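Worksheet for the structure shown next.
The values are calculated or read from the model by the stated rules, or taken from the named source; none is laboratory data. Quick caveat: nothing in here was measured; it's all calculated off a predicted structure. Every residue, glycine as well, gets a Cβ built from its backbone with ideal geometry; the counts of neighbours run over all protein chains shown.
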Amino acid sequence: MEEFEEKIIKSIKSDMLNQSTLVEETVMKEIQKMHDEQLNYFMVGLKKETEAYLEKETNDLRLSASSQLSQETLKIKHDLLKLRMDFINQLLEGASKKIEDFVKSSQYKEYLVENINLIKVTPTGIFTVRKQDEELFNELLKEKNITANVQTGYFRFGGFTYSDLENRLEYRCDLSEKLEESRLLFREHSGFIITEGSDDHE
């Protein structure tokens, strides 16, 4: 039984390392693209869903424990799932700090210009930026000889949105959407399952 439990622990640790590496690489790539920012919302959502995932995995293990797994094995996996959740929370806190540093750097201006260049601005279009970026954004539009309406709104870190209802146009520099994709990727690839009659994991 001890040898079986050691195999499970090794499999879980290997899964945690592989999946945490996948999450870290994905998040770091999205930070470089800087497609928006509501990381607090994202972190809360991830925590809730991870807790729900933890509860589901625990319940599934209870069903199979009577025939295949001991209560000790159940507790081991439960504890390791909690450790993985703590690791992801730490990873996201680090990502948040990197995003904040990026917005304060000179690269942030280049990021805004790069995304403005992707838009075909119309007279009826409206840019929405955070209050602290309003002056900078107007200067960038002036440098590019673009006349457009600029209003302020809430952004966790920075970026902007552009909308033109009359021409049915919308453009978003929204990191939260990219981070949401990363979160979904994590959910789809982070789980491991102990099947009945086997000590393998997926």
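One table, with the values for the structure above:
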quantity: Answer from 89, 59, 40 - the residue that is under 24 Å from residue 188 (Cβ atoms) and at pLDDT below 70; calculated: 40
quantity: Unique residue being assigned to a loop (DSSP other than H, G, I, E, B), of a type outside the set (Gly, Ala, Ser) and not assigned by TED's automatic domain parsing to the domain that holds residue 95 when the list is 157, 137; calculated: 157
quantity: Test result for residue 112, surrounded by fewer than 12 Cβ atoms within 10 Å (Cβ to Cβ) and either closer than 26 Å to residue 171 by Cα or in contact with a Gly (Cβ under 7 Å, 6 or more places away or on another chain) (or both); calculated: no
quantity: Residue list for the stretch 158-177, restricted to those being surrounded by 18 or more Cβ atoms within 10 Å (Cβ to Cβ), at pLDDT 90 or above and not hydrophobic (A, V, I, L, M, F, W, C); calculated: 162, 164, 171
quantity: The lone exception for residue 148 - which of (1) surrounded by 14 or more Cβ atoms within 10 Å (Cβ to Cβ); (2) under 18 Å from residue 106 (Cβ atoms) it fails; calculated: (2)
quantity: Pair list, Cβ under 7 Å, 6 or more apart: the stretch 143-170 residue free of Cβ contacts under 8 Å to residues at least 40 places away in the same chain, other residue part of a strand (DSSP E or B) and basic (Lys, Arg); calculated: 161/172
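Residues checked against (1) in a helix (DSSP H, G or I); (2) modelled with pLDDT of 75 or more; (3) over 22 Å from the mean Cα position of the chain (by Cα):
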| position | (1), (2), (3) |
| --- | --- |
| 64 | yes, no, yes |
| 96 | yes, no, no |
| 110 | yes, yes, yes |
| 124 | no, yes, yes |
